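The values are calculated or read from the model by the stated rules, or taken from the named source; none is laboratory data. What you see is a predicted model, and the numbers here were worked out from it, not measured in a lab. All Cβ positions, glycine included, derive from the backbone under ideal geometry; neighbour counts span all protein chains shown.
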Amino acid sequence: MCCSNRIKKGFLILVFLLIATKLIYAERVDPLIGGELEDKGEASVIVMLKDEPELISQTDAPFMQVNEAKKAGLEQKKLMVGEQQERVLSKLNMEDYKKQTKNSSFFDIDNVDFKLKHKYSTVNGFSGKITKHGLEKLVDDSNVKSIQLNKRVYATLDNSAPLIKANSSWGIVLNGTNITGVGETVCVIDTGVDYNHSDLGGGWGNKVIGGYRSLNQGADTEECSLNNSACFDDHGHGTHVTGIVASTNSIYKGVAPDAKIIAVKVLDSTGSGWSDDIIAGIDWCTNNASKFNISVITLSLGDCSNHTTYCNTDSEASSINTAVGQGIVVTIAAGNCNQAQCPGQSCTAGPSSPACVENATAVGAVNDADSITYQRGLSLNYWRLA
């Protein structure tokens, strides 16, 4: 009888542990990854790691200037991120990839755990292609917060400038300066910018003062200050967005015509890209904010989802939160309901990702009659701008 009770107790404990393990797995691992691994033997993923405690103590903070504290906090976070990345990546077998060229598609799924694409600097995570062996190792690693499938994202935009009455702010003088964007820099994360356009500076270094490129899930990265053409717009969408932000044309003047621009190309010639490249773009802007005086990051892009609640567990959330924590405003298009790219997506059920992240400023679109057209979810607050 006693032995029978012990067996029952042992069985119940085993069942409990199995259920708990499945719940933890489900909470940390995107269920779509399993299907990718079954179909292809590999999956493109974004791995987010658990943050270590803040390194700047609350007792130190009052004695520091706000901007100094933010910069110091960012530098210490970058150190923590690097250490966490090394702690996790050192347990994975990536040796074979060191022998491969940057553009190689070879992936030995039998012997390798992970092919690294992005190691972020201000975001505690990394991205790449994972195998079943690698997934098993990461799930067992207590430093891993979540593993999410890398999502496809698309350019989004509608007609806009005349409807937001930006010209009413240009005459306002604050501390002796008109509110025209003078002294501010905006990171435009999109398809790149035609920096030779006469309304956008007429050449690199005039209005467009820097940039970064990340395409094909990290396979194609460049600093555009070293190679300007790497950030040139081969689609048109990014130039359109930049014109809305800072065009100097006398008739079609931008919202902030005196602002400088950072061109970050993460969408290709078709106007599409990947979440891990989006994160890399935000990460780069945050990391270079002091160098270029970046105060705004804007993204007119998103995936095919609709959200009526905040999506704070999405893969882009950490990069957005870090940027906002540095005093950078992150504005994101709520979505265009493009049926060609996103069949069946609702135009009114709520913003797409990453606009649904709580710390982002989601921007809805209106038509020429000033009627709200896209992504007017009831549970999220967002600006009615075009």
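For the stretch 210-262, how many residues meet the condition of being part of a loop (DSSP other than H, G, I, E, B), under 19 Å from the mean Cα position of the chain (by Cα) and surrounded by fewer than 18 Cβ atoms within 10 Å (Cβ to Cβ)?
Total meeting the criteria: 2.
Could you grab the pairs with beta carbons closer than 6 Å, sequence gap of 6+ or different chains, first residue in the stretch 37-66 and not assigned by TED's automatic domain parsing to the domain that holds R87 and surrounded by 13 or more Cβ atoms within 10 Å (Cβ to Cβ), second one assigned to a loop (DSSP other than H, G, I, E, B) and at pLDDT below 70?
Listed pairs, sorted by first residue: none to list.
Quick check on the stretch 297-338: of everything there that is surrounded by 24 or more Cβ atoms within 10 Å (Cβ to Cβ), closer than 25 Å to H235 by Cβ and small (G, A, S), which residue is modelled with the lowest pLDDT?
Ranking the qualifying residues of the stretch 297-338, first place goes to G335.
If you take the residues of the stretch 67-79 that are more than 21 Å from the chain's Cα centre (by Cα) and surrounded by 15 or more Cβ atoms within 10 Å (Cβ to Cβ), which of them is farthest from G125 (Cα to Cα)?
A69
Within the stretch 80-114, can you find the residues that are under 25 Å from the mean Cα position of the chain (by Cα), in a helix (DSSP H, G or I) and either modelled with pLDDT under 95 or of a type in the set (K, R) (or both)?
Within the stretch 80-114, just R87 meets the criteria.
Could you grab me the full set of residues in the stretch 202-238 that are more than 13 Å from I261 (Cα to Cα) and charged (D, E, K, R)?
Answer for the stretch 202-238, where residues must be more than 13 Å from I261 (Cα to Cα) and charged (D, E, K, R): R213, D220, E222, E223, D233, D234.
Go through (1) modelled with pLDDT of 95 or more; (2) buried (at least 20 other Cβ atoms within 10 Å of the Cβ) for A155 and report which single condition fails.
It fails just one condition, (1).
Can you name every residue in the stretch 202-249 that is free of Cβ contacts under 8 Å to residues at least 24 places away in the same chain and more than 16 Å from L267 (Cα to Cα)?
If the condition is that a residue be free of Cβ contacts under 8 Å to residues at least 24 places away in the same chain and more than 16 Å from L267 (Cα to Cα), then G202, G203, G205, N206, S225, L226, N227 are the ones that fit.
So which residues in the stretch 318-344 are more than 13 Å from the chain's Cα centre (by Cα), closer than 25 Å to K71 by Cβ and of a type in the set (A, V, I, L, M), if there are any at all?
I328, V329
List, please: which pairs have Cβ atoms under 6 Å, are six or more places apart or on different chains, and start with a residue in the stretch 271-284 that is within 18 Å of F232 (Cβ to Cβ) and assigned by TED's automatic domain parsing to the domain that holds A323 and end with one that is part of a helix (DSSP H, G or I) and not aliphatic (A, V, I, L, M)?
Close Cβ pairs satisfying both conditions: G271/H237.
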